[in-house]
There are 2 protein chains.
Amino acid sequence: MPKAKPEELRALTRDVFHAAGVPREEAEQVAHLMVLSNIRGHDSHGVRQIPRYLQRVQEKSILAGKGVTVEKDTPSLAILNGNRSFGHFAATHAMKLAIAKARKVGIAAVGVHNLNHIGRVGAYPEMAAAEGLIGMCFVASRGGDKAQVPFGGIEPRLATAPISVGIPVTGKQPILLDFATSVVAANKVRQALDRKKPAGDGWLIDAAGKPVSDPAQYIAGKAFLNPVGGLAGHKGYGLAVLNTIFAGILTGGGTLASTLPNLGHDNLTMMIVLDPFAFVARDFYDREMTTLVAYLRNTKVRPGDPPVQVPGEYEELYQRKVEAEGIEIEQPVWDAIMKAARSVGVAMPQPIPAR
Amino acid sequence: MPKAKPEELRALTRDVFHAAGVPREEAEQVAHLMVLSNIRGHDSHGVRQIPRYLQRVQEKSILAGKGVTVEKDTPSLAILNGNRSFGHFAATHAMKLAIAKARKVGIAAVGVHNLNHIGRVGAYPEMAAAEGLIGMCFVASRGGDKAQVPFGGIEPRLATAPISVGIPVTGKQPILLDFATSVVAANKVRQALDRKKPAGDGWLIDAAGKPVSDPAQYIAGKAFLNPVGGLAGHKGYGLAVLNTIFAGILTGGGTLASTLPNLGHDNLTMMIVLDPFAFVARDFYDREMTTLVAYLRNTKVRPGDPPVQVPGEYEELYQRKVEAEGIEIEQPVWDAIMKAARSVGVAMPQPIPAR
């Protein structure tokens, strides 16, 4: 399996989009976030998306260089129109604006509609946490897949509707929640199929309400994701509905049920940012957070089991490994990227030689 | 099983606390919220708590008539000291203040620490939703039970850490999420024991990491609650950690890990309120919400299954039943309330005669 250095994949990604007409700075930003997905252990939203995004740029379903338009703006909140930009670009704009507002007023919300796929949801709360703020990102869909069944139903009517929250821990990696409200993300099902493994217990349900273990049934549209929670799936379902309203309706976008004209594939996104030091003193926050993190990590485990992780530790450990060893890319994905890059006259980097 | 009218139970509850020295208005507020728990289908937080709360008032671990103290106050946020009040009283104050602030600035947060048990968490977001606002309530604990294991651990280090969100639907009952981040609330385990039923699959784990089906093990402190999610229990765990930080640390209260002096039993509480009409136009919101609610309810179900519910519909249906038929109270609970009431010179209402 080819391996490449993060900085070379970043340059490749930027050059491919720039060659297709995306302004260099915007291409750079998208490339940064895509490769960061690979670095943080979420390959599904990484460089494997280059061919798909390139096609969308060429078809003009992703429009670049249009900026975002501010439709509503108060000290505490804003609504942005993403002008069909790269989702990464518009969502970064929204998070940066929410950060600036929260610094001033303590808590702020910025919603953005009319934008494309934003990639790894966790990237945006991480931006807030890196600046010492708490960031929340809610994501809904207008034109995307109906992937998830409402609890008690046998028909998909919701997106996987992910939520992410990043919380700073002074001097350490932030706490990061980043998860689909379905029992797993759609990509986990695709991965099971690729690896010739069954879908996990409780992941999938079919149109007769029976559990499904063959991941190919999902790809064929004959099985659907359950909400997280199993018998308590009303909890995952509730969170999916919450997400649909926060990111879909409060941003002015709409939902999968909407009767408004559909602008196409999009990731409607609501950012909420809190400044913890507007609530409590810095020394109190630092001491309490440090104590809590140590307390959770020190939880007793079964003999031989790995230690309990703090949310976000998976990403941290993965990043260390990739920074030391490079990013591994499956051969068919590498070949597809190469084909896309060549079509716009960009060469692939040299893979890192196998040891 | 005795049945009583809601208004008579309200008067009883108020009179018991008032007789014990609680100012009449405060006693009225607590009584309203306690009986509302019975009305909305959460008997665990209803009138069965009268004896326990009365004892706490008499021991002066609940202090009444002290009001709350504002420790921090900006247009967007506030931190309150509950002065060891009834949790119901202090949390109502916090939610009302958050509602007033959100009306002015669009999004606001109010935290409160140093208060007692707040009862049914959903009651507070319902207050916001009744006024056309979105309310969120996060609850953590300082002195409460360690009930829930961190995902991957075999030792309880977290409270059940419930979250509730209420979202208005114009002209209809609000959408209401109200759930523990553990797979079930502790009370569900107690209920299973009372009804001589096993704990559900995946509810409990013991100190050896084995699943437990005997609910008595939980009561004996030999089994603990798992986070919601099963194999995806990192999601429930992540939400419990989020709750611990929002309600515990950002309110200035602390966590179960805190090294600060512990003030005793408390439900640290963070309210976040959003004004949807500060984000989007009222007609857009109304149309989108109405469409979404109908769309979810119309989800196909297995032949013979009940229709898919919108979150909060359970409470709505339960309330209709109770308002028509009265509140049922198990005989031992009725007797315990009678004993407590008599001890302060208050008589029980006449039960509704059986038909």
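The values are calculated or read from the model by the stated rules, or taken from the named source; none is laboratory data. No experiment lies behind these values; they were computed from the predicted model shown. Cβ coordinates were reconstructed from backbone atoms using ideal geometry, including for glycine residues, and neighbour counts include every protein chain displayed. Just so you know, the surface numbers come from the protein's heavy atoms only, side chains and all, with ligands and any DNA or RNA stripped out. Shrake-Rupley method; radii C 1.70, N 1.55, O 1.52, S 1.80 Å.
Results, tabulated for the structure shown:
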| read-out | value |
| --- | --- |
| Pair list, Cβ < 6 Å and 6+ apart or interchain, from segment B:101-127 residues that are under 25 Å from B:Phe277 (Cα atoms) and more than 12 Å from chain A (Cβ to nearest Cβ) to residues that are of a type in the set (Ser, Thr, Tyr) and open to solvent by less than 10 Å² (accessible area, probe 1.4 Å) | B:Val121/B:Ser164 |
| Residues (closer than 14 Å to B:Gly238 by Cβ and open to solvent by 80 Å² or more (accessible area, probe 1.4 Å)) located in segment A:292-318 | A:Tyr314 |
| Selection count, segment B:79-96, where residues are within 14 Å of chain A (Cβ to nearest Cβ) and either surrounded by fewer than 22 Cβ atoms within 10 Å (Cβ to Cβ) or not small (Gly, Ala, Ser) (or both) | 3 |
| Verdict on A:His113 being open to solvent by 10 Å² or more (accessible area, probe 1.4 Å) and either on the phi > 0 side of the Ramachandran plot or over 12 Å from the mean Cα position of the chain (by Cα) (or both) | yes |
| Those residues of segment B:13-30 which are of a type in the set (A, V, I, L, M), more than 21 Å from the chain's Cα centre (by Cα) and surrounded by 19 or more Cβ atoms within 10 Å (Cβ to Cβ), in sequence order | B:Val16, B:Ala20, B:Val22 |
| Residue count, segment A:296-309 (criterion: out of contact with any Pro (no Cβ under 9 Å at 6 or more places or on another chain) and under 26 Å from A:Ser164 (Cβ atoms)) | 2 |
| Candidate set: segment A:189-206, residues that are over 12 Å from A:Gln148 (Cβ atoms), in contact with a Ser or Thr (Cβ under 9 Å, 6 or more places away or on another chain) and open to solvent by 40 Å² or more (accessible area, probe 1.4 Å); chosen: the one farthest from the other protein chains (Cβ to nearest Cβ) | A:Arg190 |
| Residue match in segment A:230-240 (condition: on the phi > 0 side of the Ramachandran plot, buried (at least 20 other Cβ atoms within 10 Å of the Cβ) and either modelled with pLDDT of 95 or more or part of a helix (DSSP H, G or I) (or both)) | yes |
| Residues of segment A:171-188 satisfying the condition of being assigned to a loop (DSSP other than H, G, I, E, B) and more than 11 Å from chain B (Cβ to nearest Cβ) | A:Gly171 |
| Top-ranked residue of segment A:280-290 - restricted to ones that are more than 7 Å from every other protein chain (Cβ to nearest Cβ) and of a type in the set (Asp, Glu), ranked as nearest to B:Leu158 (Cα to Cα) | A:Asp286 |
| Qualifying residue in segment A:337-353 (condition: within 22 Å of the chain's Cα centre (by Cα) and more than 30 Å from B:Pro156 (Cα to Cα)) | yes |
| Meets criteria (at the interface with another protein chain (Cβ under 7 Å from one of its Cβ atoms), of a type in the set (Gly, Ala, Ser) and in contact with a helix residue (DSSP H, G or I) (Cβ under 7 Å, 6 or more places away or on another chain)) for B:Gly209 | no |
| Qualifying positions in segment B:155-170 - free of Cβ contacts under 8 Å to residues at least 60 places away in the same chain and either more than 9 Å from every other protein chain (Cβ to nearest Cβ) or under 21 Å from A:Ala294 (Cα atoms) (or both) | B:Ser164 |
| Matching residues in segment B:219-240 - criterion: being in contact (Cβ under 8 Å) with a residue 12 or more places away in the chain and more than 9 Å from chain A (Cβ to nearest Cβ) | B:Ile219, B:Lys222, B:Ala223, B:Phe224, B:Leu225, B:Asn226, B:Pro227, B:Gly233, B:Ala240 |
| Residue among B:Ala130, B:Ala123, B:Ala108 that is surrounded by fewer than 23 Cβ atoms within 10 Å (Cβ to Cβ) and modelled with pLDDT of 95 or more | B:Ala130 |
| Candidates B:Lys72, B:Lys66, B:Lys60, filtered to the one that is open to solvent by 10 Å² or more (accessible area, probe 1.4 Å) and touching a Phe, Trp or Tyr at 6+ places or on another chain (Cβ under 9 Å) | B:Lys72 |
| Verdict on B:Lys66 being touching a strand residue (DSSP E or B) at 6+ places or on another chain (Cβ under 9 Å), in a loop (DSSP other than H, G, I, E, B), among the basic types (Lys, Arg) and within 30 Å of A:Gly312 (Cα to Cα) | no |
| Pair list, Cβ < 8 Å and 6+ apart or interchain, from segment A:17-35 residues that are of a type in the set (Val, Ile, Thr) to residues that are assigned to a helix (DSSP H, G or I) and open to solvent by 60 Å² or more (accessible area, probe 1.4 Å) | A:Val35/A:Arg10 |
| Members of segment B:74-114 found to be in a strand (DSSP E or B), under 16 Å from A:Ala108 (Cα atoms) and of a type outside the set (Gly, Ala, Ser), listed by number | B:Leu77, B:Ile107, B:Val110 |
| Count of residues meeting criterion [more than 19 Å from A:Thr244 (Cβ to Cβ), open to solvent by 50 Å² or more (accessible area, probe 1.4 Å) and either without any contact (Cβ under 8 Å) to a residue 40 or more places away in the chain or of a type in the set (S, T, N, Q) (or both)] in segment B:261-281 | 2 |
| Leading residue by the ranking (farthest from the other protein chains (Cβ to nearest Cβ)) among those in segment B:291-329 that are over 27 Å from the mean Cα position of the chain (by Cα) and among the polar types (S, T, N, Q) | B:Asn298 |
| Output for segment A:208-224, where each listed residue is surrounded by 13 or more Cβ atoms within 10 Å (Cβ to Cβ) and over 12 Å from A:Ile154 (Cβ atoms) | A:Ser213, A:Asp214, A:Pro215, A:Ala216, A:Gln217, A:Tyr218, A:Ile219 |
| Unique residue being more than 18 Å from A:Ile245 (Cα to Cα), of a type in the set (A, V, I, L, M) and at pLDDT 95 or above when the list is A:Ile99, A:Ile79 | A:Ile99 |
| Test result for A:Met136, hydrophobic (A, V, I, L, M, F, W, C), within 10 Å of chain B (Cβ to nearest Cβ) and in contact (Cβ under 8 Å) with a residue 12 or more places away in the chain | yes |
| Failed item in (1) in contact with a Ser or Thr (Cβ under 8 Å, 6 or more places away or on another chain); (2) outside any helix (DSSP H, G or I), with B:Ile50 passing the rest | (2) |
| Selection from segment B:241-279 of residues that are more than 10 Å from chain A (Cβ to nearest Cβ), closer than 25 Å to B:Pro227 by Cα, out of contact with any helix residue (DSSP H, G or I) (no Cβ under 7 Å at 6 or more places or on another chain) and of a type in the set (A, V, I, L, M) | B:Ala247 |
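Yes/no matrix, rows are residues, columns are (1) more than 21 Å from A:Gly238 (Cα to Cα); (2) touching a Pro at 6+ places or on another chain (Cβ under 8 Å):
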| site | (1), (2) |
| --- | --- |
| A:Ile99 | yes, no |
| A:Leu115 | yes, no |
| A:Ile118 | yes, no |
| A:Tyr124 | yes, no |
| A:Gln148 | no, yes |
| A:Phe151 | no, yes |
| A:Ile154 | no, no |
| A:Arg157 | no, yes |
